[in-house]
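Asker: The structure under discussion is supplied below as structure tokens; questions concerning it will follow.
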Amino acid sequence: MIVVTGATGNVGGELVRRLAADGERVTALSRRPASFPEGVRHSAGDLADPATLKDAFDGADALFLLVAGPDPRAVLDAAEAGGIRRVVLLSSQGAGTRPRAYEHPAAFERAVRESGLEWTILRPGGFASNALAWAEPIRAHRTAAAPFADVALPVVDPADLAEVAAVVLRQDGHAGRTYELTGPAPVTPRDRAAAIGQAIGAPVSFAEQSPEQAREQMLRFMPEPVVEGTLAILGTPLAAEQQVSPDVERILGRAPRSFADWAARNAAAFRP
Ligand SMILES: NC(=O)c1ccc[n+]([C@@H]2O[C@H](COP(=O)([O-])OP(=O)(O)OC[C@H]3O[C@@H](n4cnc5c(N)ncnc54)[C@H](OP(=O)(O)O)[C@@H]3O)[C@@H](O)[C@H]2O)c1
């Protein structure tokens, strides 16, 4: 049995569908009720409240873990108590490149490494799916706004993250590894908006936000240090943050999906 946290999210949702299609026994954990493929067991649990995880963890073998809740050690203790032997953590590139700003994922990484479990850490860069923040303005008036219009980053497709997770959860040989996961090439926000225009067959105009406008918007749903760290990555990325990693291709045996591929598969979200 594989327990997938974040099962209602971009990565976890795709991972649940993939594992279920392969005939694996899956428990989808979420706080919100949701519908999952036939045969998938749903368990209501909150990573902020480890007592609620017992139902999902008891008798399971492997855990796909998100960074959520204040106490990673309590979550990992509950996993071990339930009999789980392998954990795959979805961390963040920033835990490696900017550990002070990304203290929360960095703390989860430490706890996973110090646990008695066989662990693998996935460190993705920014997700292609962050462009879904443009869905409403593109549907309404075909415009997208973002700061640092011409700074390119190799954003990663959540479907590739799910596919990598599906491999490392089930295959031996990944224990004690930390993988950097990116897309195949750096793409600027301006080019991402243009790729969405291509995907929907209508041009999308791009409005460059000031960093202050972006900060104000991000502070509505992210803690302040993460906002500062994210703005620094978006505006003045380190070489390590712009670099294309070979890890997706090493694990999957094919190149990562491009942003244009993500946009084509998700075009419906941007059409009126
Ligand atoms: N977006 C990026 O660019 C980026 C970059 C690097 C790393 N990441 C990491 O990737 C993670 C997953 O991203 P995503 O796009 O797949 O997720 P998402 O679509 O943003 O959804 C968030 C998921 O987290 C779950 N969740 C949040 N708090 C929880 C809690 N206390 N207990 C249990 N589940 C909880 C939610 O489940 P319910 O609400 O249904 O319970 C939901 O499934 C992020 O949380 C972030 O840590 C993201």
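Asker: What is the distance in Å between the Cα centres of the stretch 134-158 and the stretch 223-272?
Answerer: When both Cα centres are located, 12 Å separates them.
Asker: Pick from LEU161, LEU231, LEU63 the residue whose mean-square fluctuation is largest in a GNM of the chain, springs joining Cα atoms under 10 Å.
Answerer: Of LEU161, LEU231, LEU63, the most mobile in the Gaussian network model is LEU231.
Asker: Going 7 Å from the Cα of ALA240 in the Cα-to-Cβ direction, what parts of the stretch 161-184 have a backbone nitrogen less than 18 Å from that spot?
Answerer: The answer is 177-183.
Asker: Further question: Quick check: residue separation of ARG100 and GLN209 times 0.36 nm, minus the Cα distance between them. What number comes out in nm?
Answerer: So the chain would gain 36.7 nm between ARG100 and GLN209.
Asker: Follow-up. Pairs of Cα atoms under 8 Å, at least six residues apart: use those to get the relative contact order of the stretch 22-120, whole percent.
Answerer: For the stretch 22-120, the relative contact order is 22 percent.
Asker: Quick one: go through the stretch 229-272 and flag any residue whose amide nitrogen is under 15 Å from the point 7 Å out along the Cα-to-Cβ line of ALA202.
Answerer: 267-272
Asker: Which length gain, in nm to one decimal place, applies between ARG73 and ALA44 when the Cα-Cα distance is subtracted from 0.36 nm times their residue separation?
Answerer: Full extension from ARG73 to ALA44 adds 8.4 nm.
Asker: Quickly estimate the mean residue ellipticity at 222 nm for the chain, helices only: each DSSP H run with n ≥ 4 gives -39500 (n - 2.57), and the total goes over all residues, rounded to 500.
Answerer: -11500 deg cm²/dmol
Asker: Taking the Cα atoms only, what angle lies between the long axis of helix 224-235 and the longest principal axis of the chain, rounded to 10 degrees?
Answerer: 50
Asker: First check a/c for the chain, with a ≥ b ≥ c the square roots of the eigenvalues of its C-alpha gyration tensor; if it is under 1.5, answer rounded, and if not, answer prolate when a/b is larger than b/c or oblate otherwise.
Answerer: prolate
Asker: Can you tell me how the stretch 200-248 classifies by the Cα gyration tensor, rounded, prolate or oblate, using a/c under 1.5 as the rounded cut?
Answerer: Oblate is the answer for the stretch 200-248, as a/c is 1.5 or above yet b/c matches or exceeds a/b.
Asker: Describe numerically, in nm with one decimal, the distance between label points set 7 Å from Cα along Cα→Cβ at GLU80 and at ALA185.
Answerer: 4.7
Asker: I would also like to ask the following. Classify the stretch 233-272 as rounded, prolate or oblate, taking a ≥ b ≥ c as the square roots of the eigenvalues of its Cα gyration tensor: rounded when a/c is under 1.5, otherwise prolate if a/b is larger than b/c and oblate if not.
Answerer: Here the stretch 233-272 falls in the oblate category.
Asker: Ok, one more. Show me 90-98, 49-57 ranked by packing, highest mean number of other Cβ atoms within 10 Å first.
Answerer: Put in order of decreasing packing, that is 90-98, 49-57.
All of the numbers you see were taken from the coordinates with simple rules; none came from a lab. The structure presented is a predicted model; accordingly, all values stated were derived computationally and were not measured. Note that each Cβ is placed from the backbone with ideal geometry, even for glycine, and that neighbours are counted across all protein chains shown.
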